[in-house]
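Data first, discussion second: the structure below is written as structure tokens.
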Amino acid sequence: MFGGITVKSVVCSSVTIVLLLSVEVMFAPRAQEHAAEVTNNSAAAAAKLLARNCYSCHNNVDKKGGLNLQTYATLMKGGPHGAPLVPGDSDKSRMILMVEGFLEPRMPYGGFLFDEDIQTLRDWIDAGAPAWTGDLARMKMENLPDIQPRIPVKPEIASLAFHPSERLLAAGTYKEVRLIDLDNGKTRVRLSEHAESVRAVAFSADGSLLAAAGGMPTRYGEVKIWSTKDWTLLHTLEGHNDCIYSIAFSPSGKLLATSSYDHLVKLWDVETGEEVRTFTGHSDAVFSVAFDPEGKRLVSASADRTVKIWDISTGEQLFRAFSESAAELYTLAFHPSGQLVAAAGVDKMIRIWRLSEEGGQLVRSTFAHGSPIIRLVFTPDGHTLISSGEDQLVKFWEVETLQEKHVEHQSDWVLALAVSPSGKVLALGRYDGSLSFYEMESN
Ligand code: HEC
């Protein structure tokens, strides 16, 4: 152990695995950003308050008194008396005069605000009435976090992806994606504004785009597409009626597939952000989706226990589903050859099917973990399959035989597994928020 870097070396029959680096992802408040956060918090607090107390009469459909509070822009447009507030001067703001009863009728119409709520509005206006983003309707439903958002001390690492350049890793956590520099384990960029836990991240094959997905449970799925050049947000895709659990770029980078708890798989045009197609047929949550290496087919694994193969151009399901699994499937992986698909989940088995033009056939299966299996990933050379389980083990399997080659014990569940494009580095992200890098050497 030196300078926060743990190095561990493991040699087994055909893989050498060295723990390169363990990073404790820190979520301590950032002092230099304090001022900005206070401002944002005042806007968030005001928006939440307006959503609770005022929105029902001042929205897109019902504009009582000619005032619409649906978005910050419509609020500032105001009613017949103009903007309802004067940024920086709460004393002169009509909204304040009305909630305090100095101007009739008192707002909220037929009710009143507590003093501390009025103070919240005043603080926001006196801070210059900074804009909030989004729509009040949504804020109301989401029940925005309190003024000091309570972020879990150590949010889980729910997803990981390597940039094709090998030197950068994207880690999806609670409401943000961290771009971690592999030369020193430090966070280079933090991409925020994500709705909730970022459950899936993926880079396009040319490395120019990063897609990060999640959404609000029981409400909607969300994907943000970022430019890796300057980390600007290019699109926010909203679709699905529940969280997105898995995403995949097509090999050309033109299409993005998403799978959701809402039983659906969707395909999106990356350039325009438009939805292209919906794949219906699963009867439960779809936890994993992948493109074949040619980009012609999609494969999805679902809690309905099946793996389905889809034709991308028609949206049709090809062949019969692979239905050997005895319980929910959580994860699948496409072998680099495009000929094998591995899937696993609650029944603790890893199964591998061989794909052909006519269909698929189960070729190998093994009882792999003592508890449900969370993730599977193939190494780029196609020789090794790596699995993580709720038994807190990570296992390495010979693909040819599905023989166990090596086991690594973990401090917690490994929710995210990613192998670098060269196959040399394995990154593990855990439920306890820790992240480790292992060096792998095949021989
Ligand atoms: C139950 C319905 C209702 C609720 C809730 C409500 N309002 Fe109103 N609001 C009205 C009506 C009705 C008018 C028009 C009053 C009039 O014309 O005399 C109005 C008018 C206004 C106006 C004047 C617009 C203008 O320029 O003439 C403002 C500002 C306003 N409301 C702010 C608020 C705020 C802030 C809240 C929440 C704290 C709120 N309202 C909650 C019904 C409501």
Exercise for the section: Would you be able to tell me the number of residues in segment 78-132 that are within 7 Å of the ligand (Cβ to nearest atom) and β-branched (Val, Ile, Thr)? Expected result: 1
Completion exercise
Among the residues of segment 246-288, the number that are surrounded by 15 or more Cβ atoms within 10 Å (Cβ to Cβ) and not in a loop (DSSP other than H, G, I, E, B) is 22
Completion exercise
In segment 172-188, residues that are farther than 13 Å from GLY429 by Cβ, touching a Ser or Thr at 6+ places or on another chain (Cβ under 9 Å) and assigned to a strand (DSSP E or B) total 2
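If you go through segment 134-144 one residue at a time, do you hit one that is at pLDDT below 85, of a type outside the set (A, V, I, L, M, F, W, C) and within 13 Å of the ligand (Cβ to nearest atom)?
The initial filter retains those residues of segment 134-144 that are at pLDDT below 85, namely 134-144.
Then drop every residue that is not of a type outside the set (A, V, I, L, M, F, W, C), which leaves 134-135, 138, 140, 142-143.
Of the ones still in play, those that are also within 13 Å of the ligand (Cβ to nearest atom) are 140.
Looking through segment 134-144, at least one residue is at pLDDT below 85, of a type outside the set (A, V, I, L, M, F, W, C) and within 13 Å of the ligand (Cβ to nearest atom).
From the list VAL341, VAL307, VAL346, VAL363, which residue is assigned by TED's automatic domain parsing to the domain that holds LEU255, farther than 27 Å from GLY214 by Cα and touching a Phe, Trp or Tyr at 6+ places or on another chain (Cβ under 8 Å)?
Numbers: VAL341 fails: farther than 27 Å from GLY214 by Cα; VAL307 fails: farther than 27 Å from GLY214 by Cα; VAL346 fails: farther than 27 Å from GLY214 by Cα.
Answer to the selection: VAL363.
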Completion exercise
Here the residues within segment 219-233 that are part of a loop (DSSP other than H, G, I, E, B) and within 30 Å of HIS263 (Cα to Cα) are ARG219
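Find the residue count for segment 300-347, including only residues that are charged (D, E, K, R) and under 25 Å from the mean Cα position of the chain (by Cα). Before you say what the answer is, go through the steps one by one.
Initial filter on segment 300-347 (charged (D, E, K, R)): 304-305, 308, 311, 316, 320, 324, 328, 347.
Then drop every residue that is not under 25 Å from the mean Cα position of the chain (by Cα), which leaves 304-305, 308, 328.
Matching residues across segment 300-347 total 4.
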Completion exercise
Result of the Cβ filter at 6 Å on segment 102-118, keeping first residues that are over 14 Å from HIS58 (Cβ atoms) and partners that are at pLDDT 75 or above and more than 6 Å from the ligand (Cβ to nearest atom), at least 6 apart or interchain, is LEU103/LEU97; ASP117/LEU49
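Can you pull out every residue in segment 392-412 that is within 24 Å of the chain's Cα centre (by Cα), farther than 23 Å from LEU182 by Cβ and not in a strand (DSSP E or B)?
Matches in segment 392-412: GLN392 only.
Residue-by-condition table, conditions (1) closer than 30 Å to PRO155 by Cα; (2) touching a Lys or Arg at 6+ places or on another chain (Cβ under 6 Å); (3) modelled with pLDDT of 85 or more:
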| position | (1), (2), (3) |
| --- | --- |
| LYS8 | yes, no, no |
| VAL18 | yes, no, no |
| VAL38 | yes, no, no |
| ASN41 | yes, no, no |
| ALA51 | yes, yes, no |
| ASN59 | no, no, yes |
| TYR72 | no, no, yes |
| LYS77 | no, no, yes |
| TYR109 | no, no, no |
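Yes or no, residue by residue, for (1) of a type in the set (Val, Ile, Thr); (2) farther than 19 Å from ASP292 by Cα; (3) in contact (Cβ under 8 Å) with a residue 12 or more places away in the chain:
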| site | (1), (2), (3) |
| --- | --- |
| GLY214 | no, yes, yes |
| PRO217 | no, yes, yes |
| THR228 | yes, yes, yes |
| HIS235 | no, yes, yes |
| ASP242 | no, yes, yes |
| SER246 | no, no, yes |
| LYS254 | no, no, yes |
| LEU267 | no, no, yes |
Exercise for the section: Could you tell me whether any residue of segment 326-346 is free of Cβ contacts under 8 Å to residues at least 40 places away in the same chain, of a type outside the set (Ser, Thr, Tyr) and not in a loop (DSSP other than H, G, I, E, B)? Expected result: no
Fill in the blank from the handout: Counting only residues in segment 60-77 that are outside any helix (DSSP H, G or I) and buried (at least 21 other Cβ atoms within 10 Å of the Cβ), the one farthest from the ligand (Cβ to nearest atom) is identified as ASN68
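The values are calculated or read from the model by the stated rules, or taken from the named source; none is laboratory data. These figures come from a predicted structure and were not determined experimentally. Cβ sites come from the backbone with ideal geometry, for glycine too, and all protein chains shown count toward neighbours.
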